[in-house]
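The values are calculated or read from the model by the stated rules, or taken from the named source; none is laboratory data. Values in this document were obtained by computation on a predicted structure and should not be read as measured data. Cβ sites come from the backbone with ideal geometry, for glycine too, and all protein chains shown count toward neighbours. Each accessible area value is taken on the protein alone, full model and side chains, heavy atoms only, with ligands, DNA and RNA left out. Shrake-Rupley method; radii C 1.70, N 1.55, O 1.52, S 1.80 Å.
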Amino acid sequence: MDNDFQTRTFEYRPCAEQRGGTQRPDAVHPVAVIGAGPVGLATAIDLAQQGVPVVLLDEDCTLSTGSRAICFAKRTLDIFDRLGCAERLMDKGVRWQVGKVFFDRELVYSFDLLPETGHHRPAFINLQQYYLEGFLVERAAELDGLELRWKHRVGALAPRADHVALTVETPDGPYEMRARYVVVADGARSPVRRMMGLESKGRTFRDRFLIADVRMAAAFPSERWFWFDPPFNRNQSVLLHRQPDNVWRIDFQLGWDADPDVEKQPERVIPRIKALLGDDVEFALEWVSVYTFSCQRMDKFRHGRVLFAGDAAHRVSPFGARGANSGVQDADNLAWKLRLVLDGTAPEALLDTYASEREAAADENILNSSRSTDFITPKTPASRTFRDGVLRLARHHGFARQLVNSGRLSVPAVLTASPLNTPDAAPFAGAMVPGAPCSDAPAGDGWLLRHVGGDFTVMVFGDERGLRPEALTALAGIDTQGVPLRVLCVVPRASAPTSLSPDAVVVEDTEGLIARRYDGQPGTCYLLRPDQHVCARWRDVDAAGIEAALRRALCREAPLPAAATSGQTDVAPDAAVAAQLLTDPHLDRPDDVYEALIDMHRDLTDAQSQSANAHLILLLANHIGNGAVLREAMALARRATVDASTERAAADAIAALPVTPVAA
């Protein structure tokens with residue numbers, strides 16, 4: 001198939017509702033998905049793979065233009081593995097896991113996003129969005145039960161008691177269709193959201209960035225490079241990423257006052273690129289755009305039978321690659337819940353957990369994205385002083401590198417507050433708490449995640465002989481109440497187990513990483529969701545516990561109190577100890593300390609003194625370590641400053657006292 005996805009168009013075809021006679025007037029589709037971008041395509045593919053017929057509607061007949069979303073994280077690749085298209089992405093994409101941060105001309109530090117081995121997929125790949133969409137369209141075409149309708153624009157939408165009525169406009173005129181549920185993934189400007197009188201709320205940042213896709217043969221490694229205040233874009237920032245086809249993505253911060261139309265002109269773009277690359281580097285512009293960004297979300301992602309996903313539901317700044325990655329996780333969360341509600345296995349309340357889980361994930365992404373943007377684009381002299389102080393200290397001090405924020409890169413949401421979780425009844429170590437996405441690891445001649453997902457899975461750890469007799473008895477006694485439930489048995493390498501569940505899939509823990517990452521001891525048992533998230537775990541196979549956890553994960557049983565479902569049992573012992581700010585005399589040789597503070601500023605300009613104070617505060621903050629103590633100290637310092645200013649203003653406003661002359 002021709003992979004020139006930027007120029008490819010897709011044929012409009014009339015559908016059954018338009019042709020007449022092939023579709024009953026009262027026929028209702030199980031699901032309609034609006035928007036054939038990455039999120040809409042992922043949702044439709046997931047549903048079709050699970051046997052749910054789905055209609056995917058898109059108002060256009062082309063794929064995206066320009067690189068747009070390019071960074072796809074390991075969790076997203078794991079999801080695309082399950083959807084049957086990850087290999088196409090991997091074959092085309094540029095793998096990377098190392099990032100470098102520069103301040104002015106100097107390298108501040110580098111970081112590795114996946115320093116440990118034993119993972120099937122890399123930390124990230126870079127791939128232009130039109131390639132991703134093209135590969136997803138190819139995958140969609142391979143599936144029965146998925147009808148992709150190009151140039152079918154939803155013009156009206158009316159929720160009913162048992163379905164949603166849609167008016168769809170086409171080149172041949174409008175038609176009516178019905179669906180039991182509608183997934184809206186039609187982008188940040190979402191016509192359907194406006195149609196329903198809904199809105200996204202949040203914060204729009206007053207800054208502009210130029211994106212330039214540049215084709216060139218360059219010697220830069222496949223890494224993420226971010227510059228703060230470089231000489232080739234003074235007082236601003238620059239981001240560089242490698243993409244396939246010798247195309248490089250360069251983002252230049254412009255500032256809010258920049259004119260977007262002017263800055264997109266080649267005579268403005270080319271000098272910027274030459275300043276970065278040098279005059280002797282040959283390159284060609286592929287695509288140029290200027291963007292602003294917002295961090296926003298809808299109040300609710302579910303509105304009856306209409307569910308919003310991706311940018312239609314939430315938006316973030318591009319720093320951290322949290323947009324498309326979180327949208328694909330929306331699809332991953334929603335599809336299995338729709339399937340189980342549609343087939344009667346679960347009540348509609350299960351769809352409420354899509355909203356609550358993904359709203360919480362959106363809040364986390366918005367928080368991280370907003371903080372990244374505030375660090376990258378400081379809005380006050382004080383914030384600029386602290387930002388630059390962090391970067392200077394980061395060259396030599398590890399603690400400051402934790403504070404550098406060139407974009408907190410996308411990580412999957414850990415759904416610790418989910419009502420679908422069951423709390424631990426025994427201590428566990430590691431990150432695989434209830435609500436966490438499953439970690440991959442080598443399993444036999446393949447990978448663990450290939451064996452989980454799609455249905456609920458009970459994963460049980462055995463020893464060299466297999467499973468204990470009591471574990472076999474418990475597994476055989478589980479009443480799944482009609483819910484498909486797989487059994488996965490993990491055994492040590494080179495073992496010859498004799499005692500196994502007859503319907504179990506057996507995998508060898510070839511490098512011991514499954515047991516290490518899941519704290520898996522012989523008898524340990526996990527219940528895993530269809531979207532590869534942990535929902536419960538035990539130290540022994542507990543049939544009654546598994547049945548209760550399964551009911552809870554299907555919303556057939558009331559959720560446990562939120563405080564009980566945190567799942568984290570390895571809290572540091574001193575985490576609950578409250579520290580207190582010392583304000584009583586505590587200085588050793590106070591006069592020496594005061595003199596040293598004054599002496600620190602000797603011969604410094606005002607700007608240098610402010611910078612020195614910022615460095616001192618950052619160093620002492622790290623030494624103190626306790627956030628509560630720091631916030632108390634900050635509050636006292638701010639209060640003292642404000643009070644002093646108020647008192648001084650009040651004193652200046654007092655009129656001079658009248659003086660009566662003394663008679664001679």
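Odds and ends about this structure:
- Linear extension gain, Ser110 paired with Trp256, 0.36 nm per residue minus alpha-carbon span: 49.6 nm
- In the chain, Cα pairs under 8 Å separated by at least six residues give a relative contact order of 12 percent.
- A full extension of the chain between Thr480 and Ala284 corresponds to an added length of 64.6 nm, given 0.36 nm per residue minus the alpha carbon distance.
- Rounded tilt (10° steps) of 323-342 against the dominant C-alpha axis of the chain: 40 degrees
- Fully extended contour minus Cα-Cα distance, from Glu470 to Leu581, at 0.36 nm per residue: 34.5 nm
- Relative to the dominant Cα principal axis of the chain, helix 266-277 is inclined by about 80°.
- Degrees separating the helix 349-376 axis from the principal Cα axis of the chain, which is the longest one: 30 degrees
- Simple label model, 7 Å out from Cα along Cβ direction - Glu176 to Thr292, nm: 4.2 nm
- Pairwise label distance in nanometres, Tyr594 with Thr167, each label 7 Å out on the Cα-Cβ vector: 7.9 nm
- Cα centroid separation, the range 519-545 to the range 421-468 (Å): 7 Å
- The chain - accessible surface per residue (Å², probe 1.4 Å): 46 Å²
- For the chain, calculated [θ]222 nm from helices alone, where every DSSP H run of n ≥ 4 adds -39500 (n - 2.57): -10000 deg cm²/dmol
- Surface share of carbon and sulfur [accessible, 1.4 angstrom probe, percent] for the chain: 51 percent
- Per-q log10 I(q)/I(0), the chain, q = 0.05, 0.06, 0.07, 0.11 Å⁻¹ (Debye; single scatterer per alpha-carbon; no solvent): -0.29, -0.42, -0.56, -1.23
- Charge dipole (Cα centre; +1 on Lys/Arg Cβ, -1 on Asp/Glu Cβ; no other charges) of the chain amounts to roughly 820 debye.
- Cα-based shape type of the range 273-322, given that a ≥ b ≥ c are square roots of the gyration tensor eigenvalues and the cut on a/c is 1.5: prolate
- Simple label model, 7 Å out from Cα along Cβ direction - Asn246 to Thr345, nm: 5.0 nm
- Ranked by solvent-accessible area (1.4 Å probe, protein heavy atoms only, all chains present), the residues Ile617, Ile366 order from largest to smallest as Ile617, Ile366.
- Modelled label reach - Val28, point 7 Å along Cα→Cβ, the range 143-172 residues with backbone N closer than 17 Å: 157-167
- ³J(HN,Hα), Karplus 6.51/-1.76/1.60, whole Hz, each residue of the range 633-643, x for Gly, Pro: 5, 4, 4, 5, 5, 5, 5, 4, 5, 5, 4
- When each of the peptides 438-446, 191-199 is scored by how many other beta carbons lie within 10 Å of its residues on average, the order from highest to lowest is 438-446, 191-199.
- For the range 587-601, 3J(HN,Hα) computed residue by residue from phi via the Karplus equation (6.51, -1.76, 1.60; θ = phi - 60°) reads 7, 8, 6, x, 5, 5, 5, 4, 4, 5, 5, 5, 5, 4, 9 Hz, glycine and proline entered as x.
- Charge-dipole axis of the chain as Lys and Arg at +1 and Asp and Glu at -1 on Cβ define it, positive-most pick from Gly93, Val184, Ala633: Val184
- Set of the range 175-201 residues, backbone N closer than 12 Å to the point 7 Å along the Cα-Cβ line of Asp299: 198-201
- Protection proxy ranking of 623-633, 403-413, 375-385, 597-607 - average other beta-carbon atoms within 10 Å, highest first: 403-413, 375-385, 623-633, 597-607
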